[in-house]
Amino acid sequence: MTSSILSANASPAPVERDEPSLPIPAALQHFAWLVLAYTVLVVLWGAVVRATGSGAGCGDHWPLCNGVVLPQSPQFHTIVEFTHRLMSGALLPLAAVLLVWTWRATVRGQLARWAAGAAMVLTLNEALLGALLVLRRLVAHNQSAARGVYLSFHFANTLLLLAALTLAAEFLSRPRARAQTSLRHGMLLFPSLGILATLIVGVTGSLAALGDTLFPATSLAGAFHQDFSPTASLLLRLRWIHPASAFVAGAFIVWLLVQSLRNKASSRMRALGIAVLCTLVAQYCLGILDVVLLAPTWLQVLHLLGADIFWICLVLLTANYCLVKKRITQS
């Protein structure tokens, strides 16, 4: 009798079900990927500015170009630098539109909101760092250590911006699987260290490219001599850090690839793992070619494009590994 009364008053067992999510407009999903692609284009043109020594094409004026809004009878370097400023300026309203649109189209707690917000902050920071490089005259043929420091922060911010935009596009494109997620407990340390190591590879690569631009070598033997000469610039003597850090980051990438290609891994993780592997091999080949051909401008830009694609694929793969879908229980 007592047991029957208790069973009658007992609450039903919790039922696990999916988190509710708003339907994400297809236009917003496409727009997010478009902003990411445009940002990559801006980054590549920035490499053209550096490789051609056009950073001082607008003088030490910012945001004006040589003291005017629209340069008159511009020379080559002015055209290159002014074009980069126009492209960078257009990125700010695009990031703002993405943030506002994402905020209005998603529910509270969705990670796409955080990613779009981070992208907006990083875009503002990108503009600030770019302005400081110009105003402090750390452009063109400036060989000071300060330029290396500012460039490191600038490129690190660029990679973080690409990562934020990548995650925003990913979460918006898969609202059912990625709208509301949680981090896997205890599985963040090694991926975080791996992403940090890969970030260092990108930053040291930008410094190595700057050294190639400022101190071009006439032969491969001459390039190696520059690296180990006690009288060489600090940029050249630190150039070895780039390939060394690439091997360290490679250990994390190999581990992540093993995780993605396991039998229990999802088909999306396997596809991303293959993409990371292919772009990684391509990057190593381009890096070797870059050294052998003494870093011509077109190859520096191609190498950077490969680095951006690799970084985007790696961020997607790491996110898919670290994030799992949350479920709630209701009586």
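Here, each number is a calculation from the coordinates, and none is a lab measurement. In this text, all values refer to a predicted model and were calculated from it rather than measured experimentally. As a convention, Cβ positions derive from the backbone with ideal geometry for all residues, glycine included, and neighbour counts pool all protein chains shown.
Grab the beta carbon distance between L44 and L261, set R0 = 25 Å, and tell me the FRET efficiency rounded to 0.05.
So the FRET efficiency works out to roughly 0.25.
Can you give the net charge of the other residues whose Cβ lies under 14 Å from the Cβ of F155, counting K and R as +1 and D and E as -1?
Net charge around F155: 0.
Starting from 0.36 nm per residue, how many nanometres of slack lie between V281 and R174 once their C-alpha separation is accounted for?
Net length gain for the segment: 35.7 nm.
Would you work out which of L160, T83, G109 lies farthest towards the positive end of the dipole of segment 24-178? Charges go on Cβ: Lys and Arg +1, Asp and Glu -1.
Sorting the options by dipole projection puts first G109.
Mind ordering 102-114, 308-320 by average Cβ neighbours within 10 Å, highest first?
The peptides rank, most packed first, as 308-320, 102-114.
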